[in-house]
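Trainee: The structure follows.
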Amino acid sequence: MVKADNGNGIGRLALIGNFLPRKCGLATFTTDVYEAMRARFPEVAVDVYAMDDHPGRYAYPPAVTAAIPQDDLSAYIDTARAIETSGAQAIWVQHEYGIFGGSAGDHLLALLDRTTLPVIVTLHTVLEKPSSDERRVMEGLLARAARIVVMAERGREILRRVYGANPRQIVTIPHGVPDRPFVDPATMKDRFGWAGREVVLTFGLLAPNKGIETLIAALPAVKERHPNLLYVVLGATHPNLVAHQGEAYRDSLVALAADKGVAENVQFIDEFVEYDALIDYLQAADIYATPYTNPAQITSGTLSYAVGVGKPVIATPYVHATEILADGHGVLVDFKDFAAFAREIDALLSNDRDRRRLSERAYARGRTMIWPRLAEATMTEIEAIVATRPQRLPAAVAAPDLRPDIAAVERMSDATGMLQHSIYSIPDRRHGYCIDDNARALMLMSAMPQLDAVTRDKWTTIYASFVQYAWNPDRRRFRNFMNFDRTWCEDVGSEDSNGRALWALGVTARDARDAKHRDWARMMFDTTASLAFELGSLRAQSFAMLGAAAILDAHPGHELAREILQRFPDIHMAMLAETRRPEWEWFEIVLAYDNARLPQALIRAGVALERKDLIEVGLKTLEWIVSKQTSPQGRFRAVGTESFHRPYGEPLKFDQQPLEAQATVDACVAAHEATGDARWLEEARRAYGWFLGANDLDMPLATSADGGCFDGLMPAGLNRNQGAESILALQLASCAIWGLGKARAGVAGESRHAA
């Protein structure tokens, strides 16, 4: 048994599910779970995040930390952030498909994917024949959860057989039941006006799958031997049913009772019964009946409650009933067999001794299921998953710098160019190619040190050919996306892709090792670079500026490059003046991708044009963005993609992309070259360390054996795909860091930072 002092130090949990006063069985269960945990482990704070199908309708109690609007995806993401910063050590989810938004409730996965905390999920439904979306969501839960709780062994079997679940991941914890004394029903009947009646009770939200028709059909035969019989149907009509057809179903049952001549023997109590009142009703009944029609029903809270207070139960053989009533703890009859229900009800009402013995056996089974036992069993699992959570490595542990390695780049490339995406490390041809990646790959060929001449010539030519073929002279723009069959997906690519193509041409014209490639790149730049004057995107303009600065490095008299550099910096500084606030030193009111390229472009332009004001603004904005990219532990923290487009919002932690680390390395190198300040070398190396494991999760993204790089740092770990952008970001950053080392060592010809 778990000790109340909670020796593993669990101090706070996040509990997600429905919650009272929302009227449904899952809300009752989650509320009972909360009360049980607080009673059994008072030292543990339990933060409730209530799923809300009608925002504003429910007056939630103080126990509810926050409500999550069911269909608002952004609310799930905001909740993940709130839980992550709350101090919670684990998340406990009560899962039912109908309570979460999205396809089959997949909004929940968006929440879980954005937290690093261990997760335990209690399944209230396990489908043996799921739809494709239901299967996808369940497989997502299995992948994310450290523990899956089922309430019946059949649930464990289905998870293993249908979903391929790991059996070590699954634990069976029966539905909780109240801890009430065993009482004689006769002592409770007066309060409900049932004195002198033999009472059969069915409880739950009224719906066709409850099988009430079967019990009503059984009553005439029972009434002949037990004229004082009363069948009580307790519970409000299911809200979804009311929304679609009002009370038509309840009215049909009333009509059926009248038709069978048992209207005086049936009492419909149309209300959502609170927990304590429900237990009183159960204790006042002589028999509890669940004539459910769904054989696959794995969980029935009402059945559990009835057993918990020691009711003789007659049920159809749905999954939960066959398990909980096994070994003589209840009576099972076939689905829709009203004659069998009549026979078994008569038998129990006619023999007080048998009915009493069955009650005692049920009550004994219920003692093993009381809420404190559920709380203890669940806390044992929570302690285990928290204890086995991977520990952070000491901050001082860092991998050595990686030597630039073309292997992964070649793996993603063919005779056409570099493919965009991969599934794990295998190129995914379905997504074809893009000029963004081939432009980056072209720059890498100039930056890659100690590459044999034949290999460098081969790949430089292939990537250059892609860029050349992407040029659409009729539209005077570069195309971006190409299918695997070499057909273009568009006539004109994005502004950013056009700016990046100009950048690659400028760098190649300056840094290519062979004159033939430098000459080609300058020709293409001269042919295409005037498009820069029509670019409206801030980043596209910055990319074009970086290309123009590289051209001026190699050809100081190049007028078109100089004009590009003179056109955009003042626009950028005017934008900065407009958006600046005391706490916001940035060009836009939002953060986006490739942020450090903006100050990098100003610094490079300032050096090329000999304008100190541009260098100063570039350094100041770089210092600001670097401060925003620093974790409390002093590590580089890439601006997460969830930060994008949040006006004046502090950067969010995930998802972190390799592109941001590479951009920061390059910008810091530019700052060092402009100032000689060694501080910028330290910042460059800190950003580079992100690839090597000096990050929020202490997980290296670089695969040092083959020069590969994972696609991102997610709350729960790595995005293990290795696309072109990520691989190129690592290799270009490695070239920059390698060049710094060679420059310090005085090795000529390897210190130029190509990108």
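Trainee: What percent of all Cα-Cα pairs in segment 329-384 falls into each 10 Å bin, going from 0 up to the bin containing the maximum distance?
Mentor: 20, 30, 25, 17, 8, 0
Trainee: Per the Kirkwood treatment, what hydrodynamic radius in Å, one decimal, follows for the chain from the mean inverse distance over all distinct Cα pairs?
Mentor: Averaging 1/r across every pair of different Cα atoms and inverting gives 30.1 Å.
Trainee: Could you give the semi-axes, largest first, of the ellipsoid that matches segment 655-697, computed as the square roots of 5 times the alpha carbon gyration tensor eigenvalues and rounded to whole Å?
Mentor: Result for segment 655-697: semi-axes of 21, 11, 5 Å.
Trainee: Mind listing P(r) for segment 451-499? All alpha-carbon pairs, 10 Å bins, whole percents.
Mentor: For segment 451-499, the binned pair fractions read 25, 46, 23, 7 percent.
Trainee: If you roll a 1.4 angstrom probe over the protein chains with everything in place, what fraction of the accessible area of the chain belongs to carbon and sulfur, to the nearest %?
Mentor: Within the chain, the accessible surface is 51 percent carbon and sulfur.
Trainee: Over segment 650-741, with the other protein chains present, what is the accessible area per residue in square angstrom, probe 1.4 angstrom?
Mentor: 26 Å²
Trainee: Given only helices, namely DSSP H runs of n ≥ 4 each adding -39500 (n - 2.57), what is the per-residue ellipticity at 222 nm of the chain, to the nearest 500 deg cm²/dmol?
Mentor: For the chain, the value works out to -14500 deg cm²/dmol.
Trainee: Also, I was wondering about something else. Rounded to the nearest 0.05, what FRET efficiency do ASP334 and ALA143 have when you use their Cβ-Cβ distance and R0 = 35 Å?
Mentor: Efficiency, from the Cβ-Cβ distance: 0.35.
Trainee: While we're on this one: Starting from the 7 Å offset along Cα-to-Cβ, what nm value, one decimal, do you get for the label separation of PHE484 and TYR648?
Mentor: Distance between label points: 4.9 nm.
Trainee: State the extension gain, in nm to one decimal, for the chain segment bounded by ALA577 and THR380, taking 0.36 nm per residue of separation less the distance between their alpha-carbons.
Mentor: Once the chain is fully extended between ALA577 and THR380, it gains 65.2 nm.
Trainee: Here's something else I'd like to know. What percentages make up the Cα-Cα pair-distance distribution of segment 411-497 when the bins are 5 Å wide from 0?
Mentor: Percent of Cα pairs in each bin: 3, 15, 25, 23, 18, 11, 4, 1.
Trainee: Also: Per residue and in Å³, how big is the convex hull formed by the alpha-carbon atoms of segment 249-299?
Mentor: Residue-normalised Cα hull volume stands at 135 Å³.
Trainee: State to the nearest 20 debye the size of the charge dipole of the chain about its Cα centre, where the only charges are +1 on K and R beta carbons and -1 on D and E beta carbons.
Mentor: Result for the chain is approximately 1160 debye, rounded to the nearest 20.
Trainee: Follow-up question, since we're still on this one. Starting from the Cα gyration tensor of segment 184-304, take the square roots of the eigenvalues, sort them a ≥ b ≥ c, and report rounded, prolate or oblate (rounded when a/c is under 1.5, otherwise prolate if a/b is larger than b/c, else oblate).
Mentor: Oblate, because a/c is 1.5 or more while a/b does not exceed b/c.
Trainee: Averaged over every viewing direction, what's the projected area of the C-alpha convex hull for segment 1-85? Give it in nm², one decimal, please.
Mentor: Directional mean of the projected Cα hull area for segment 1-85 stands at 6.2 nm².
Trainee: Dividing the alpha-carbon Rg of segment 356-509 by 2.2 N^0.38 Å yields what?
Mentor: Normalised Cα radius of gyration, segment 356-509: 1.93.
Trainee: Could you tell me the center-to-center distance, by alpha carbons, between segment 201-242 and segment 610-679 in angstrom?
Mentor: Each part reduced to its Cα centre gives a spacing of 68 Å.
Trainee: With only alpha-carbon atoms counted, please give the Rg and Dmax of segment 239-365, in Å.
Mentor: 15.4, 46
Trainee: Treating cross-link reach as a plain straight distance, find the lysines whose alpha-carbon is under 26 Å from the alpha-carbon of LYS612, omitting any fewer than eight places away in the same chain.
Mentor: LYS620, LYS628
The values are calculated or read from the model by the stated rules, or taken from the named source; none is laboratory data. The shown structure was predicted, so the numbers you read here are calculated from the model rather than taken from an experiment. No Cβ is skipped: glycine too gets one built from the backbone with ideal geometry, and neighbour counts run over all protein chains shown. The area values use the complete protein model at the heavy-atom level, side chains included, leaving out ligands, DNA and RNA. Shrake-Rupley method; radii C 1.70, N 1.55, O 1.52, S 1.80 Å.
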